[in-house]
Amino acid sequence: MEAIRSLIDKVAILKDNAKIVGFSVNGKEFRCSPDLLIIDARIEDLTGFKIGSIPKDFAIVPVGKDSDIFDGMIYSAGGNEPFSAVASIYFEVERMYWYHDFSMEKYFGAMKQALEARKESEYDVEFDDVESNDFFVRFDYMIFLEQDLTADKAVRHFANVVKEIDGDTERILQREDISQETLKDEERFTLEVLLPLFRRMNFLDVHYNHGQREFGKDITFSEIDKFGQRRNYGVQVKAGDISGRARSDLNGVIDQANEAFPHEYIDTSSRERRFISDLIIAISGHFTDKAKEKILEEVRVRNVHFFDIDKIEELLVRYGGKRIKRTTQRRR
């Protein structure tokens, strides 16, 4: 076995009897079948190095039971592109095993619409190809990553984009049915409902920041107002109702709201540091009047807006023709 140093620092191409069998990065080895250059890797092994350090022509396939797994391969851009990596996402389904309420053609047509909606906002996805015959349909698209994140964070970013596209596809198809399961799950509510909504409202730089030191801002986006000034928004997302009775939950909302304004965030498109001027507290349930009053009393900055399920439904209808199917009644 011999290891040939590449031009990338701390990266080596691994060969066995002149056959390429993988690479190592910072001493960690990733192996593949000779000359195939496709490596199955678990999320927990993709730590300690940048996604852009993966040698050109190698592909990483995330494997395992983690929720960040998706059908696709990840490539490094190789330093010659304005992005660090690209994920090639693919769906290949045999027609005889398709059990969705809608036909394959309608489903993938809706997915293409979801891709176009995100592309108009973020410019980081691209429809690639669709192949169809009497036996199967294969639909491919690409996700581009500008930041050179660590490989595990890059995989999770790609996974979040896939979840957003999948969720928006269902919303386009179902129109009136956003499930109770989605409304009860903060991450799904954010990825499947709120992010596509804000993109369709033509806000700029819509980004999901959850788990990345967001300081009370799960989502950030901007707009250029009528005076030509940039206005930056943060969104704090919660699943369910917020009432004055659950004091610990209310304190958490207030603390995060007070954190949101003084802590800057990095706009991942421009790489500029920004502060928000407005905070939206968006929930999949309802606020009680008492909860609103308490939040406004204790949040030091007044530019706080309350988006409950009724307000969100109003916006969904206005910008996407969709309604939320729900059984709960508003509580005061």
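The values are calculated or read from the model by the stated rules, or taken from the named source; none is laboratory data. Everything numeric here is computed off the predicted structure, so don't read it as measured data. Positions of Cβ are generated from backbone atoms using ideal geometry, with glycine treated the same way; all protein chains shown enter the neighbour counts.
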**Prompt:** Which members of the range 95-113 meet the condition of being over 12 Å from Phe139 (Cα atoms) and more than 24 Å from the chain's Cα centre (by Cα)?
**Reply:** Arg95, Met96, Tyr97, Trp98, Tyr99, Asp101, Phe102, Ser103
**Asked** Somewhere in the range 79-93, is a residue surrounded by fewer than 13 Cβ atoms within 10 Å (Cβ to Cβ) and either hydrophobic (A, V, I, L, M, F, W, C) or in contact with a Leu (Cβ under 7 Å, 6 or more places away or on another chain) (or both)?
**Response** no
**Message:** When you scan the range 96-106, do you find a residue that is buried (at least 16 other Cβ atoms within 10 Å of the Cβ) and at pLDDT 90 or above, even just one?
**Reply:** no
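Could you tell me whether any residue of the range 232-239 is assigned by TED's automatic domain parsing to the domain that holds Leu315, on the phi < 0 side of the Ramachandran plot, within 21 Å of the chain's Cα centre (by Cα) and among the small types (Gly, Ala, Ser)? Can you show your working first?
Kept after step one, since they are assigned by TED's automatic domain parsing to the domain that holds Leu315, are these residues of the range 232-239: 232-239.
Those still in the list that are on the phi < 0 side of the Ramachandran plot too: 232-239.
Add one more test, that the residue is within 21 Å of the chain's Cα centre (by Cα), and what stays is 232-239.
Next cut, among the small types (Gly, Ala, Ser) only: 234, 239.
Checking the range 232-239: at least one residue is assigned by TED's automatic domain parsing to the domain that holds Leu315, on the phi < 0 side of the Ramachandran plot, within 21 Å of the chain's Cα centre (by Cα) and among the small types (Gly, Ala, Ser).
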**Prompt:** Can we say Ile242 is of a type in the set (Val, Ile, Thr) and closer than 28 Å to Ile165 by Cα?
**Reply:** no
**Asked** What do you reckon, is Tyr75 surrounded by 15 or more Cβ atoms within 10 Å (Cβ to Cβ) and of a type in the set (Ser, Thr, Tyr)?
**Response** yes
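Looking at Val137, Val162, Val130, Val206 in this structure, which one is within 29 Å of Asn251 (Cα to Cα), in contact with a Phe, Trp or Tyr (Cβ under 8 Å, 6 or more places away or on another chain) and not small (Gly, Ala, Ser)? Give the derivation first.
Details: Val137 fails: within 29 Å of Asn251 (Cα to Cα); Val162 fails: within 29 Å of Asn251 (Cα to Cα); Val130 fails: within 29 Å of Asn251 (Cα to Cα).
Just one listed residue meets the conditions, Val206.
In the range 136-163, what residues are in a strand (DSSP E or B) and over 21 Å from Lys28 (Cβ atoms)? Can you show your working first?
Of the range 136-163, the ones in a strand (DSSP E or B) are 136-145, 150.
Listed by number, the residues that qualify are Phe136, Val137, Arg138, Phe139, Asp140, Tyr141, Met142, Ile143, Phe144.
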**Asked** Ala110 passes all but one of (1) assigned to a strand (DSSP E or B); (2) in contact with a Ser or Thr (Cβ under 8 Å, 6 or more places away or on another chain); (3) closer than 22 Å to Gly167 by Cβ; which number fails?
**Response** (1)
**Asked** Looking at (1) buried (at least 18 other Cβ atoms within 10 Å of the Cβ); (2) under 15 Å from Ile281 (Cβ atoms); (3) modelled with pLDDT of 90 or more, which is the one condition that is false for Leu250?
**Response** (3)
**Prompt:** If you check Val137 against the conditions, is it surrounded by 15 or more Cβ atoms within 10 Å (Cβ to Cβ), more than 19 Å from the chain's Cα centre (by Cα) and among the hydrophobic types (A, V, I, L, M, F, W, C)?
**Reply:** yes
**Message:** Of everything in the range 116-138, what is under 19 Å from Tyr75 (Cβ atoms) and at pLDDT 90 or above? Give them in sequence order.
**Reply:** Asp124, Val125, Glu126, Phe127, Asp128, Asp129, Arg138
**Prompt:** Is at least one residue of the range 70-83 farther than 27 Å from Glu146 by Cα, assigned by TED's automatic domain parsing to the domain that holds Asp166, outside any strand (DSSP E or B) and at pLDDT below 90?
**Reply:** no
**Request:** Filter the range 293-327 down to residues that are among the β-branched types (Val, Ile, Thr) and not in a loop (DSSP other than H, G, I, E, B) and give me whichever is modelled with the lowest pLDDT.
**Result:** Val317
**Matching residues in the range 106-155 - criterion: being of a type in the set (D, E, K, R) and closer than 25 Å to Phe49 by Cα** = Asp124, Glu146, Asp148, Asp152, Lys153
**Request:** Output the number of the condition that Lys290 fails; it satisfies all remaining conditions of (1) of a type in the set (D, E, K, R); (2) touching a helix residue (DSSP H, G or I) at 6+ places or on another chain (Cβ under 8 Å); (3) in a helix (DSSP H, G or I).
**Result:** (2)
